[in-house]
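Visitor: Quick one: the structure is below, and I'll ask about it shortly.
The values are calculated or read from the model by the stated rules, or taken from the named source; none is laboratory data. Computed from a prediction, not measured in an experiment: that's the story for all the values here. Neighbour counts run over all protein chains shown; Cβ positions are idealised from the backbone, glycine included.
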Amino acid sequence: MLVPRKNIPKKPILNREILEDVFIEIMKRNNFSWFNSRDEKNIESFMASGRQPFNIALNYVTRINSVEIWTPKILLFVNNEKICSFTFEFFVFLKPVLYAIGPSIKKFVFVDRMGVDVDVDMIFGALIHEGIEYKNQKTFLLPWVKDLFICPNVELSDFTAESVEHFVKCILEIFPNIEELHIQFNPSTFKTAYGIMKILKPHLFKSIPLSIKGNIEMEVCLEEMESLDEFDELTGPDNEYVIDIFMARKEFKIHEDFVAYLFARC
């Protein structure tokens, strides 16, 4: 005797349009947060819920054309509109998201605000797709970046004229098609700020082409000095950049459209 087979209810399936709308709503919430791990977890949960949601998320981020890294956060933009932000340590899908963005990037910003140990090689590696030329095993190209803002974390003990020239060389090799370059120094002590002033000179940037516009900038207000003697001790006999009590400034031109302005006070 045949037993009638019971109909087993199928798992409901949301169509692609509904899933896309859900993901857009999740991203809008993330857009207004800075350190909100709950919003990041919502994006993670969506991407981990299946292949279709995962692909919808990756397809969504292909519109990104600007990446800003402000450690420990990474911010993604379409033109000047912030789309979302993630924390390095917590967002498990960061690498596939960066890979999906790939050569759509036109602007790249890197600011090490906190000295956080960030896997920069992973970030750059994820932004590179197959077919992009490697100059050697340690150097790669990001030729689609047109606008670069970079804020290096400077240790005065390692900051030399040679290291500055090498830094500029690496920028021009990795980003061969940049049209605007902005380098900003944000030292944490007046001693470091004044040390940067003494080292930076126009000839260290002579390799920057005339076609690149931009600037080198340092404008900081740092710790208070207990006495003028302490200030004089920090600036030393070579105090040519001191412009007033507890203030120092240096300016120079690299070429007509590329200048340096360095200022520090305490």
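Visitor: Looking at residue 137 and the list (1) of a type outside the set (Phe, Trp, Tyr); (2) over 16 Å from the mean Cα position of the chain (by Cα); (3) modelled with pLDDT of 80 or more, which single condition is not satisfied?
Guide: It is condition (3) that residue 137 fails.
Visitor: From the list 199, 178, which residue is over 20 Å from residue 158 (Cβ atoms) and at pLDDT 90 or above? Let's see the steps before the verdict.
Guide: Values: 199 fails: over 20 Å from residue 158 (Cβ atoms).
The unique qualifying residue is 178.
Visitor: Name, by its number, the condition in (1) over 19 Å from residue 111 (Cβ atoms); (2) in contact with a Phe, Trp or Tyr (Cβ under 7 Å, 6 or more places away or on another chain); (3) of a type in the set (A, V, I, L, M, F, W, C) that does not hold for residue 168.
Guide: Failed condition: (1).
Visitor: Report yes if some residue within the range 166-189 is more than 30 Å from residue 66 (Cβ to Cβ) and either in contact (Cβ under 8 Å) with a residue 40 or more places away in the chain or among the aromatic types (Phe, Trp, Tyr) (or both); otherwise report no.
Guide: Taking every residue of the range 166-189 in turn, none turns out to be more than 30 Å from residue 66 (Cβ to Cβ) and either in contact (Cβ under 8 Å) with a residue 40 or more places away in the chain or among the aromatic types (Phe, Trp, Tyr) (or both).
Visitor: Further question: Within the range 163-211, how many residues turn out to be in contact with a Ser or Thr (Cβ under 9 Å, 6 or more places away or on another chain) and assigned to a loop (DSSP other than H, G, I, E, B)?
Guide: 2
Visitor: In the range 60-84, what count of residues is obtained for those that are among the aliphatic types (A, V, I, L, M) and under 13 Å from the mean Cα position of the chain (by Cα)?
Guide: 5
Visitor: Could you please find all residues in the range 235-249 being in a strand (DSSP E or B), under 18 Å from residue 260 (Cβ atoms) and not aliphatic (A, V, I, L, M)?
Guide: Answer for the range 235-249, where residues must be in a strand (DSSP E or B), under 18 Å from residue 260 (Cβ atoms) and not aliphatic (A, V, I, L, M): just 249.
Visitor: Next question. Restricting attention to the range 223-266, and to residues there that are modelled with pLDDT of 90 or more and out of contact with any strand residue (DSSP E or B) (no Cβ under 6 Å at 6 or more places or on another chain), which single residue is nearest to residue 201 (Cα to Cα)?
Guide: 254
Visitor: Here's a follow-up. Look at residue 162 and say whether it is in contact with a Phe, Trp or Tyr (Cβ under 7 Å, 6 or more places away or on another chain), without any contact (Cβ under 8 Å) to a residue 24 or more places away in the chain and more than 22 Å from residue 141 (Cβ to Cβ).
Guide: So residue 162 fails the test.
Visitor: Just give me the residues in the range 53-92 being aromatic (Phe, Trp, Tyr), at pLDDT 85 or above and over 21 Å from residue 148 (Cβ atoms), in sequence order.
Guide: 54, 60
Visitor: Something else about it: Being without any contact (Cβ under 8 Å) to a residue 12 or more places away in the chain and within 24 Å of residue 167 (Cβ to Cβ) narrows it down to one residue among 230, 256, 251; which is it?
Guide: Details: 230 fails: within 24 Å of residue 167 (Cβ to Cβ); 256 fails: without any contact (Cβ under 8 Å) to a residue 12 or more places away in the chain.
Within the list 230, 256, 251, the selection yields 251.
Visitor: Oh, and also: Which residues, taken from the range 150-178, are touching a helix residue (DSSP H, G or I) at 6+ places or on another chain (Cβ under 6 Å) and of a type in the set (D, E, K, R)?
Guide: Hit for the range 150-178 is 165, nothing else.
Visitor: Condition first: modelled with pLDDT of 80 or more and part of a strand (DSSP E or B). Now tell me which residues in the range 140-158 satisfy that.
Guide: Within the range 140-158, 147, 148, 149, 150, 151 qualify.
Visitor: Taking strands (runs of 3 or more DSSP E) that fall entirely within the range 61-106, which contain at least 3 residues that are closer than 21 Å to residue 175 by Cβ? Working first, answer last.
Guide: Values: elements: 66-70, 73-78, 81-87.
Strands (runs of 3 or more DSSP E) meeting the threshold: 66-70, 73-78.
Visitor: Which one of 246, 258 is surrounded by 10 or more Cβ atoms within 10 Å (Cβ to Cβ), among the aromatic types (Phe, Trp, Tyr) and more than 30 Å from residue 171 (Cβ to Cβ)?
Guide: Checking each option against the conditions leaves just 246.
Visitor: Output the number of residues of the range 191-243 satisfying the condition of being in contact with a Phe, Trp or Tyr (Cβ under 8 Å, 6 or more places away or on another chain), among the acidic types (Asp, Glu) and either on the phi > 0 side of the Ramachandran plot or surrounded by 12 or more Cβ atoms within 10 Å (Cβ to Cβ) (or both).
Guide: The qualifying residues number 2.
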